[in-house]
Structure formats: structure tokens, C-alpha cells
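Participant: Dumping the structure here so I can ask a few things about it.
The values are calculated or read from the model by the stated rules, or taken from the named source; none is laboratory data. Bear in mind the structure is a predicted one, so any value in this text is a computation, not a measurement. Positions of Cβ are generated from backbone atoms using ideal geometry, with glycine treated the same way; all protein chains shown enter the neighbour counts. Heads up: the accessible areas ignore ligands, DNA and RNA and are worked out on the full protein's heavy atoms, side chains in. Shrake-Rupley method; radii C 1.70, N 1.55, O 1.52, S 1.80 Å.
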Amino acid sequence: GSLIYPIEDTKVSKAFSEDAVYSKTMGDYRSHLGLDFACKKDDKVLAMADGVVGDIYTDERMGKVIILDCGSFMIYYSGVDSVKVEINDPITKGDVLSNVGGIPCENKDGIHLHVAVRVNGSYVDPLSVISNNE
């Protein structure tokens with residue numbers, strides 16, 4: 001099935017790009033292998049699909065990260081805070097996973113949620129798998 005948007009506001013503030021794009025925070029060019037959704041701090045982060053919480057960790061560049069293992073693909077939610085789930089929790093599409101926090105390596109891009117989707121180990125544009133009827 002298709003994925004739902006991870007937050008209520010569906011405004012994409014930075015698109016997925018395998019090509020190098022400028023990072024205001026890092027001051028260089030790099031690929032952007034996820035989507036940034038503009039939002040407010042503490043907005044609810046929703047599960048985009050059914051799955052199991054595969055990992056929760058803090059990355060010095062991406063902030064707090066939740067990985068949702070959906071079997072044939074994985075969803076990475078970066079820049080979360082106030083995590084409401086634990087590793088191995090079964091998750092249903094639409095469940096609240098956390099609130100939006102911040103992303104150290106993208107802090108000059110304003111408050112947003114960074115979402116990446118990996119299929120068979122390769123990153124894909126999340127918009128290509130988000131339902132267009134949401």
C-alpha cells in the first residue's frame with residue numbers, strides 16, 4: 001500500500017535529490033536523500049505505514065532518529081523529539097511516533113521533519129510512495 005504524510009502539514013520545504021544541492025548549514029553541496037516537511041516544533045510525527053520500530057538513536061548530524069521497519073522498506077524519521085515508541089513496538093499507519101525536534105546539520109533550514117525511505121538498501125524519493133489521495 002501507499003504511505004501517508006508524516007505530519008499534518010504536507011508542505012515540502014526541501015525536495016529529495018541524488019544530485020548535490022547547497023546546504024546553508026554545512027556550507028557545501030551534498031545529496032539530499034530525504035524530504036523535508038516544513039512544520040512547527042512539537043508537531044506530531046505520524047507513522048507513514050504499518051511496521052515495527054527497528055531502531056531509535058541519536059546522530060550528531062541528524063538529531064534523534066526513529067527507523068520504522070516495514071518489511072520490504074525502511075522509513076527514517078530524523079529530527080524527532082519526545083519519542084512515544086520503543087524498539088520492537090508494532091506500529092499502525094497513522095500512529096503518533098514522536099514530536100518534531102531539530103536537525104543539527106540542517107538547522108539553518110528552519111524547523112522541519114526529515115524523512116528518508118530505503119527500499120532494498122537504496123534511497124528513494126518518499127513522494128514516489130506517498131499516496132496522492134491523502
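Participant: Could you work out how far apart the two model spin labels at E86 and K41 are, taking each label as a point 7 Å from the Cα in the direction of the beta carbon, and quote it in nm?
Facilitator: That separation, rounded to one decimal, is 2.9 nm.
Participant: Right, next: With charges set only on the Cβ (+1 for Lys and Arg, -1 for Asp and Glu), what does the dipole of the chain come to about its Cα centre, in debye to the nearest 20?
Facilitator: For the chain, the charge dipole is close to 260 debye.
Participant: Right, here's the next one. Report P(r) for the stretch 73-134: all Cα-Cα distances, bin width 5 Å, range 0 to the bin holding the largest distance, values in whole percent.
Facilitator: For the stretch 73-134, the binned pair fractions read 4, 14, 20, 24, 23, 13, 1 percent.
Participant: Kindly list the residues of the stretch 1-21 that lie in the label zone of V124, defined by a backbone N under 14 Å from the point 7 Å along the Cα-to-C-beta vector.
Facilitator: Taking a point 7 Å out along Cα→Cβ of V124, the residues of the stretch 1-21 whose backbone N falls under 14 Å are 1-4.
Participant: Ignoring ligands, DNA and RNA, please state the percent of accessible area on the chain from carbon and sulfur, probe 1.4 Å. Intermediate values should be presented prior to the final figure.
Facilitator: Working: 3180 of 6890 Å².
Carbon and sulfur atoms account for 46 percent of the accessible area of the chain.
Participant: Another question, then. Residue by residue through the stretch 18-31, which ³J(HN,Hα) values in whole Hz follow from phi under the Karplus form 6.51 cos²θ - 1.76 cosθ + 1.60 (θ = phi - 60°), with glycine and proline marked x?
Facilitator: So the Karplus estimates, Gly and Pro as x, are 6, 6, 5, 10, 6, 9, 4, 6, 7, x, 8, 9, 7, 5 Hz.
Participant: Additional query: Determine the relative contact order of the chain: mean sequence separation of Cα pairs under 8 Å and six or more apart, normalised by residue count, in whole percent.
Facilitator: 30 percent
Participant: Say the dipole of the chain comes from +1 at the beta carbon of Lys and Arg and -1 at that of Asp and Glu; which of M26, I4, I91 then lies farthest toward its positive end?
Facilitator: Farthest towards the positive end: M26.
Participant: On average, how much accessible surface per residue is there in the stretch 74-134, in Å², for a 1.4 Å probe, leaving out ligands, DNA and RNA? Please report the intermediate quantities before stating the final value.
Facilitator: Working: 2970 Å² over 61 residues.
Normalised by residue count, the accessible surface of the stretch 74-134 is 49 Å².
Participant: Roughly what % of Cα-Cα distances in the chain sit above 23 Å, to the whole percent? Provide the component values of the computation, followed by the final result.
Facilitator: On the way: 2186 of 8911 pairs.
Beyond 23 Å sits 25 percent of the P(r) for the chain.
Participant: Output wanted: per-residue J couplings in Hz (rounded whole) for the stretch 85-95, from phi through Karplus 6.51 cos²θ - 1.76 cosθ + 1.60, θ = phi - 60°, x for Gly and Pro.
Facilitator: After applying 6.51 cos²θ - 1.76 cosθ + 1.60, I find 10, 10, 4, 6, 5, x, 10, 10, 3, x, 4 Hz.
Participant: Go ahead and set up a Gaussian network model of the chain, Cα springs under 10 Å, then flag whichever of G102, G71, G51 fluctuates most.
Facilitator: Among G102, G71, G51, the largest GNM mean-square fluctuation belongs to G71.
Participant: By how many nm would the segment from A15 to R61 lengthen if fully extended, with 0.36 nm per residue of separation less the alpha-carbon distance?
Facilitator: 14.7 nm
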